[in-house]
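Right, one structure below, let's go through it.
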Amino acid sequence: MTRKLTPPEAWWAEAADLTIRCNISLRQAAAELGIDLSIEEADNIKGRKLFQKALDEAKIAYYNEIGSNPKLSRDVVVGQIYELANVLTKEGEAYKASDALLKLAKIKGWIGYEPDTLHKMLSGLTQRDIDEMKQKLREAKHDVGQATEAPTDVVPESERLN
């Protein structure tokens, strides 16, 4: 016997948003919205595909909001990693903390491989700088090409008359 399709409730999207943003359960989000849910009702709603879709859309919207924030910078990420490393250290997770600090050092450019060095070296270039370098390379290639071509007014040795 198939279960009949129940359309999503109007409050599901808002509850999904609260669930994602505040890291709370569906029951807590519903309570925030003034809706009383039993444990069974919350479990049934959480299992529905339409609620899962609302949850996924809320995640995407939340991550998009974070990612497009103009205040989000490399320094914010470095600060957050440093703080998380401190938390891990306090919790006795020294290995995980050292791994976080290693990642922080790579982000800052203190250690790394050649790609990190190249990025650091080239990251300050503007598009204008790149275009100028391209033009200089084209000119240099053109000059080298002309120097290797045989002049047209010179007769090869094999064709000279003795």
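The values are calculated or read from the model by the stated rules, or taken from the named source; none is laboratory data. From a predicted model like this one, the values you see are computed outputs, not experimental measurements. Cβ coordinates were reconstructed from backbone atoms using ideal geometry, including for glycine residues, and neighbour counts include every protein chain displayed.
Is there a residue in the range 21-28 that is more than 24 Å from Ile66 (Cα to Cα) and not in a helix (DSSP H, G or I)? No, the conditions are met nowhere in the range 21-28.
Going by the structure shown, is Leu84 over 18 Å from the mean Cα position of the chain (by Cα), over 19 Å from Ile20 (Cα atoms) and surrounded by 12 or more Cβ atoms within 10 Å (Cβ to Cβ)? Yes.
For the range 36-47, the criterion of being surrounded by 14 or more Cβ atoms within 10 Å (Cβ to Cβ), in a helix (DSSP H, G or I), touching a Leu at 6+ places or on another chain (Cβ under 9 Å) and of a type in the set (Lys, Arg) is satisfied by at least one residue.
Total residues in the range 95-130 satisfying the condition of being surrounded by fewer than 10 Cβ atoms within 10 Å (Cβ to Cβ), in a helix (DSSP H, G or I) and modelled with pLDDT of 85 or more: the figure is 3.
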